[in-house]
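I have placed the structure first, in the form of structure tokens, so that the comments after it can refer back to it.
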Amino acid sequence: AFSQFLIVYSANVAEEVPHYIARSQGGYQYITVALILLHFIVLWRGGEDRTQHGRQRLITLTPLPADPFIATIVFKPLAAVAATLAVLLTWGTWRVEQPLHGASVRAAAIRTDSRFMGWPIAPRAERAKVDDALFARTSEAARAGAKLVAWTEAATLVLPEEERELTDAAAAAARAHGIELVISYIMPLQLEPLLYENRLRWFSPDRNERLAYLKHHPVPGEPAVPGAAPAPLLHTSIGPASAAICYDFDFPELGRALARSGAGIVVVPSSDWSGIDPVHTHMAALRAIEGGCSVLRPARWGLTGGIDAHGTLVGQMTTNGGDEPFLLVTLPVAQRPTLYAALGNLVLVPLVGILLAGLFALLPVRARRERNRTTSAVTGAELQDGIPVGAVAAPSQGDA
């Protein structure tokens, strides 16, 4: 894993580097250190290859010695870890087999024809055509029974003077169809250098705006104005809900914050590319499992998915090919309590504590071994507890 990191870091390929950037922050850095210390150092040991002509130090992958003292302080903690993992995996397997109870919602993720990449700005007529298609598909999804409709990230591009027209049309559509409507778009603020807002707006069936949200974590290199905080809990007509935009959901602490707020469903408009498709949608499934909530993830240029609290991809649609206008899926909206939502990374503390205890216990063992492996300056014989092997200790005065 470390060698792969070095290769990716040296190559500096745009499609691969974000994977490691995301895992160097937000709590992942502690897992990285734990892997180095516990998965590598503890399981490797300094062995000794005895030959007729001397000793050759080497590193082996052989198990730790079956010494009673070693078994007590090393194997028992490791066995405790294995037993704990077995219990957790068994419990987790049972948990995901249980049905998800409570209310559900018919939700739709809308495909966009947008190919906007920033500068140069497409002509107004071309952008209007994209907007018309989005609203037509929104209406079609509502007629098919959707009560929650969401667009992809960067589903369209509007200039600041055009924003009011778009939001008024979205509010009118939400009211006309009696739906919760989530739209997402790019709004350039300046062109040289390029700077824009990556926006999400949520409208209720009574035409009111529930949420105006800026992408909280722009992708490294993305010229977007970052948002100030995660989205709040929204008490909607379909149940408790919240939202994020694409890369935001790569950060466990943000997903946990939404889960702790009580969100039963999180809408995550996204925009992917071939290097992270479909992995990025599968990462969103992990956030769903952690938070015990459903995730509706409309994706531009990637895998659109509806994910339940078990991490199951209930419905999917690829927007890299195909011509489906939208994905229609039924998702639970009742949150399921999880240990991670309640405790966060503290759920790892007992396991890490047991492993660190085993690692700490190794220290005096190595010191004792080194003493036993010293050689007598007089005879050159190996010492066992300070006495040459094969020699008989002289009786003490007390013994005499």
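The values are calculated or read from the model by the stated rules, or taken from the named source; none is laboratory data. Just so it is clear, the structure is predicted and the values come from calculations on it, not from any experiment. Positions of Cβ are generated from backbone atoms using ideal geometry, with glycine treated the same way; all protein chains shown enter the neighbour counts. The protein model used for the area step is the full one, side chains on, heavy atoms only, and it has no ligands, DNA or RNA in it. Shrake-Rupley method; radii C 1.70, N 1.55, O 1.52, S 1.80 Å.
Please state the shape class of segment 98-221: rounded when a/c is under 1.5, otherwise prolate if a/b exceeds b/c and oblate if not, all from the C-alpha gyration tensor.
prolate
Just the C-alpha atoms of segment 180-260: what Rg/Rh do they give, with Rh taken as the Kirkwood radius?
Rounded to two decimals, Rg over Rh is 1.00.
Please list, by residue number, every one of the GluC sites (Glu not before Pro) in segment 201-304 that is coil in DSSP and has at most 16 other beta-carbon atoms within 10 Å.
Answer by residue number: there is no such site.
Taking all protein chains as present, what is the carbon and sulfur share of the accessible area of segment 189-339, in % to the nearest whole number, probe 1.4 Å?
In segment 189-339, the share of accessible area belonging to carbon and sulfur is 56 percent.
Segment 206-338: D in µm²/s via Stokes-Einstein (Kirkwood Rh, Cα pairs, 20 °C, 1.002 mPa s)?
In µm²/s, the coefficient rounds to 144.
Can you give the charge dipole size of segment 185-305 about its Cα centre, rounded to the nearest 20 debye, using +1 on the beta carbon of Lys and Arg and -1 on the beta carbon of Asp and Glu?
With Lys and Arg at +1 and Asp and Glu at -1, about 340 debye.
Just to confirm a number: summing +1 for Lys and Arg and -1 for Asp and Glu over residues other than residue 318 whose beta-carbon lies under 12 angstrom from that of residue 318, what do you get?
-2
Just how large is the dipole of segment 253-339 about the Cα centre, in debye to the nearest 20, putting +1 at every Lys and Arg Cβ and -1 at every Asp and Glu Cβ?
320 debye
Calculate the dipole size of segment 107-244 relative to its Cα centre from +1 charges on Lys and Arg beta carbons and -1 charges on Asp and Glu beta carbons; express the result in debye to the nearest 20.
I would put it at about 400 debye.
Give the accessible area for residue 328 in Å² (nearest 10); use a 1.4 Å probe, count only protein heavy atoms, and leave out ligands, DNA and RNA.
Number for this one is 50 Å².
Given a 1.4 angstrom probe, what's the average accessible area per residue across segment 248-344, in square angstrom?
32 Å²
Give me the 1.4 Å probe accessible area per residue for segment 121-173, excluding ligands and nucleic acids, in Å².
Normalised by residue count, the accessible surface of segment 121-173 is 41 Å².
Give me the Debye-computed log₁₀ of I(q)/I(0) at q = 0.31 Å⁻¹ for segment 158-198, equal point scatterers on Cα only, no solvent, two decimals.
Values, matching the q order: -1.03.
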